[in-house]
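Take this structure, written in structure tokens, and hold onto it; I'll ask about it next.
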Amino acid sequence: MITSLTLRRWLVSGLSLLAPTTVLAQTQAPTLLDDFNRPDSPTVGAGWLETETTAGTGAAIVSNQLKLSSGVLGKDYVSRDVSSRYSPVLRQNADQLTWLFNMQQSRPNPSGFGPNNYGVAFVLAGSAADFTTGNGYAVVYGNSGAPDSLKLVRYTGGLTGPATLRTLAAVSVPAATGALTGPAHTVRVLYAPDEDNWTLEVSANTATFDDPTTATFVRIGVRKDSALATTSLPWVGCFWNHATTATENAVFDNIYVTAPCTLGPEPTQAATSPVAANLTTTGATLSWAAGNGTGRIVVVRPASVAAAAPTDGSVYNGNAAFGSGSALGTGRYVVYAGTGTTVTVTNLQPNTPYAYQVYELLGTGCTTNYLPATPASGTFTTAPCVLAAFPTQNPTAATAVAAGRTAATFGWTPGSGANHLVVVRPRSSALALPAAGTGYTASAAYGGGSALGSGYVVYAGTGATSVTVTNLLPGTTYSVEVFTYNGTGCSAAYTTSFFANTTYTVPVPPVGTLLPFRGNIHAHSSYSDGNQDGLAVTPLQDFQYAAASLHSDFLGISEHNHSQAGMSLPNYARGLQQATQATTASFVALYGMEWGVISGGGHVVVYGVNQLLGWEPGNYDVFVAKNDYQGLFREINRRPGAFATLAHPQRGDYGNLAGSAAFSPRADSAIVGTVLRSGPATSTNITYTNPSRGSYTSTFTALLAKGYHVGISLDHDNHNTTFLRTTPARLVVLAPALTPADLMDALRQRHFYASDDWNAEATFTLNNQPMGSIFAEQGPASITASVSDADNEPVTSLRLLRGVPGSGAAPVVVATAAAGATALSYVDPLAINATAYYYAVISQADGDSLVTSPIWYTRRIVTATTPEAEALALAIFPNPTAGTATLSYFLPAGSVVRVEVIDAVGRRVVSLVNGERQLAGPHTLVVPALGPGLYHMRLIHESGTAYRKLLVE
């Protein structure tokens, strides 16, 4: 879900949901379509088509505004064909399109676009004049619940209800406290046809209409949407959905739409006197005498490529780095666009002939007219490379030291060269030497740098004497070579007759060792409200995208479970199939749901339930009433291995689970985690540089204090095609192997932690049991916590917190590591029969944090009188039951287990587990529906037998 934002928060923070990823197309100015400044009239006129529920009065000119009003249930609207202003096939326009308008409706809390609701919309581009049919784009206000949001949407099948609307950008704009009318909206919408980017902007003033031509706009969001880019959408209009209150209305004013574009005059004098000077191996300075245009572009190409003139009405971006500016076909790049007479071009190839042209232009945007005839033209050849002097002393004393499970730090004593090159390769492969005159790209993530033979360059530069390399494979022995060199690129001169070298073998962890796997289990595909940028259309494509991301072992897509966010029953089954299809030996794909209404109540991420849970007729496999969280947890508990995590929890969510609501064993059995951070949900960043810094720690600590057994997770909540590329933060799951079954079991047992740093590894154990464990033993609590980081980022604090479940008190810090220390040991002399939970919080110097899931420990001296069921935490609920029930228990050690249902006279009714070996940790079983009566659950394991009563009504 996209966490709701308010316009006030936009203004205070000065932030937008996302910045545009590229420069928008240059705009042609919009002109007035209609300001309705004419005498009051029941007829709108001026080319508007009217559709009214009350003939003659539904749409009218009142006080120099368009007013829609009616006491008859239905939809009133006016529409107008604007295809004479720009191409109705939006992508065919050469320039940015703009819409400006004022819109308001009288109802302070409109409910939307279904029957008996109230909602107002301005249609930007529609395929039909009848806005109850067809497809298009609109700005709408009105939705179920509160507050209401102003949304830029794509509609499919008319403006007839929430199921037909796909949100591209939105901002919450609640009515002022005590207001008798809804907020006044002054809106600007932009569409860039070169990238299919839609932009929503609004004025901060919601008390009155601003003049949209002079208003100050706040950018709400930019979304790529190409679904209707090639569909004819000639209609704009004003739309009001309403019930029967005759005094309610909607008003519109000051509608501006992009004006027709007329090409400007062509320059009459071309640029002259082209000169190429200051030639280097990779650059040249070009100059010319200007013609009589208002500007000019310079196009450079290899001399072997034919020239091509620019297209009138097009705008080209210049970039002096050859290959980075706008392209005029293949191989031709704009290196300059402006009013000057010189540019220094870079990024050229050595000893290569190039040609260039300078084209004069007049006008801007779509009016731009180029002079293609007789441009200033010239040729030049870049300088050949000259090798630098070879170093005379080679590097020595190469070393290798482990820096984590799959990382190592390689060091050396420098040679006499200005730079050093480090190559890592499997020892079994042949040595390959760097070539003189060749530059190499380095990456400390093994496999990410330039290939050299069977190895990869992990360092290339000056100043360092060590590099920490990640992504090494356990059990593999690597050879490491360190070369010294002078010069860069084509002048690089390497010493290859002598070099420093060493070897390193990555250790293999013992069988059964819990290994860290990194990913995210909260994301969305186009099957609900994800892929809003239009860059992918199926979960399979999303999984494949995520698998190619850095530090990515798994992705869980959790679709919204209802049609308001786009989910349909057939697609849920398709998503499950595609997750299986996308899973490989090196990547696991999971598919689940995010359960809950769009606004209010709280969202729950659910996995292991391979049926869609919902409340909409015809759109679920299993019915669970809207906002019935206890019903949801019951369904989760009915399915062994299923679990839930809490997504971006707010105060009062889930029936006030973390607040005043009584402790719920049913919820405790279903929920395995709640988030440390979530998002940024709507980011389009794919450079791993947009981390979330929000925190939901208060929910985590409140649930622990109430007695819930919740781990700490971390969500990305992707709504664009950014899977595992927006932020370096990861949910880290500890499992013995990377398989769906192992990951699901590890998640169910809370063996996970939240990390802002994708290559930091945390360990946390109590009496050798991993994080997430719930168990009892006789000794004190002996705890160890540590962190390792392949980047060697300094640790500013490592703290151990302790709390008492069910006490209502927040956890407190009981131990802190020494300054800069990366490990901590602590022994808690817990009282006999006392229970506590513990978790670690690690902070790094760059502000990143790692938080482990807790360990719950009971110190108990088991005697002949200690109830075995109590020692095993054996529980069953609901109890009494009228149907199925869930049996839960915790094994302190792996054991062969038999679980049976015994009736009142001692007969075995059903066997739930028949002599199977189970691992230590929590387990749940479904008890099938039984006839009315009293039963006993009998659990037999290697250390004894335990019983629990069950009453079936």
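Laboratory data are not the source of any read-out in this text; all were calculated from the coordinates shown. Please read these numbers as outputs of a predicted model, since none were measured by experiment. Cβ atoms come from the backbone with ideal geometry, glycine included; neighbour counts cover every protein chain shown.
Give the cross-link partners of LYS706 among the aspartates and glutamates, using a straight C-alpha distance below 14 Å as the criterion and excluding same-chain residues fewer than 8 apart.
Counting by Cα, and skipping residues close in sequence, LYS706 has these aspartates and glutamates nearby: ASP668.
Could you rank the peptides 506-512, 634-640 by their average count of other C-beta atoms within 10 Å per residue, with the highest value first?
634-640, 506-512
Also: Using a 7 Å offset from the Cα along the Cα-to-Cβ direction at both THR181 and ASN914, what is the distance between the two label points in nm, to one decimal?
7.5
Name the residue farthest towards the positive end of the dipole of the chain from the options SER895, GLN630, THR476, assuming +1 on Cβ of Lys and Arg, -1 on Cβ of Asp and Glu, about the Cα centre.
SER895
If the rule is a partner Cβ under 4.7 Å, which cysteines in the chain fail it?
CYS238
On to the next question. Would you mind listing how long segment 704-803 runs along its three principal axes, going by Cα atoms, in whole Å with the largest first?
Computed over segment 704-803, the largest-to-smallest principal extents equal 50, 34, 31 Å.
Once fully extended, how much extra length lies between LEU263 and ALA303, figured as 0.36 nm per residue of separation less the alpha-carbon to alpha-carbon distance?
Fully extending the segment from LEU263 to ALA303 adds 11.2 nm.
Hey, how many Å between the Cα centroid of segment 184-224 and the Cα centroid of segment 240-300?
20
Once you have a ≥ b ≥ c as the square roots of the Cα gyration tensor eigenvalues for segment 806-856, tell me rounded if a/c is under 1.5, and otherwise prolate or oblate according to whether a/b is larger than b/c.
Cα axes put segment 806-856 in the prolate bin.
What does the convex hull of the alpha-carbon atoms of segment 868-952 project to on average, in nm²?
4.8
Could you work out how far apart the two model spin labels at GLU793 and ASP81 are, taking each label as a point 7 Å from the Cα in the direction of the beta carbon, and quote it in nm?
6.0
Considering only DSSP beta bridges where both residues belong to the chain, give the percentage that are antiparallel (nearest 5). Write out the running numbers ahead of the final one.
Numbers: 227 of 255 bridges.
The antiparallel fraction comes to roughly 90 percent.
If r is the Cβ-Cβ distance from ALA243 to ASP621 and R0 is 30 Å, what FRET efficiency results, to the nearest 0.05? Present the calculation step by step, with values, prior to reporting the outcome.
Details: r = 34 Å, r/R0 = 1.13.
With R0 = 30 Å, the Cβ-Cβ based efficiency is 0.30.
Sticking with this one: If you average the alpha carbon positions of segment 308-363 and of segment 35-112, how far apart do those two centres end up, in angstrom?
If you average the Cα positions of each part, the centres end up 45 Å apart.
Right, another one. Kirkwood Rh, segment 215-329, all Cα pairs: how many Å?
Evaluated over segment 215-329, this radius sits at 20.7 Å.
At a Cα cut-off below 30 Å, give the lysines reachable from LYS75, other chains included and same-chain residues fewer than 8 away excluded.
Correct list for LYS75: LYS67, LYS151, LYS224, LYS626.
As an exercise, use a Förster radius of 51 Å and the Cβ-Cβ distance of THR294 and ALA227 to find the FRET efficiency, rounded to the nearest 0.05.
According to the calculation, E is roughly 0.85.
Follow-up question, since we're still on this one. To the nearest 0.05, how large is the calculated FRET efficiency for SER895 and LEU951 if R₀ is 41 Å and r is the Cβ-Cβ distance?
Using R0 = 41 Å, I get an efficiency of 0.90.
On to the next question. With unit charges on the beta carbon (Lys/Arg positive, Asp/Glu negative), name the residue among GLN393, THR31, THR381 whose Cα is farthest towards the positive pole of the charge dipole of the chain.
GLN393
Rounded, prolate or oblate for the chain? Axes are the square roots of the Cα gyration tensor eigenvalues, ordered a ≥ b ≥ c, and the cut-off for rounded is a/c under 1.5.
On the way: a/c = 2.61, a/b = 1.16, b/c = 2.25.
Note, shape of the chain comes out oblate.
Obtain the nm distance between the two label points defined at ASP35 and ALA823 by a simple spin-label model: each point lies 7 Å from its Cα along the Cα-to-C-beta direction.
Between ASP35 and ALA823, the simple spin-label model gives 7.6 nm.
Sticking with this one: Do you know the relative contact order of the chain, to the nearest whole percent, from alpha carbon pairs under 8 angstrom that are 6+ apart?
For the chain, the relative contact order is 7 percent.
Okay, moving on. Does segment 272-381 come out rounded, prolate or oblate by the C-alpha gyration tensor, with a ≥ b ≥ c the root eigenvalues, rounded set by a/c under 1.5 and, if not, prolate when a/b is larger than b/c and oblate if not?
Since a/c reaches 1.5 and a/b is larger than b/c, the shape of segment 272-381 is classed as prolate.
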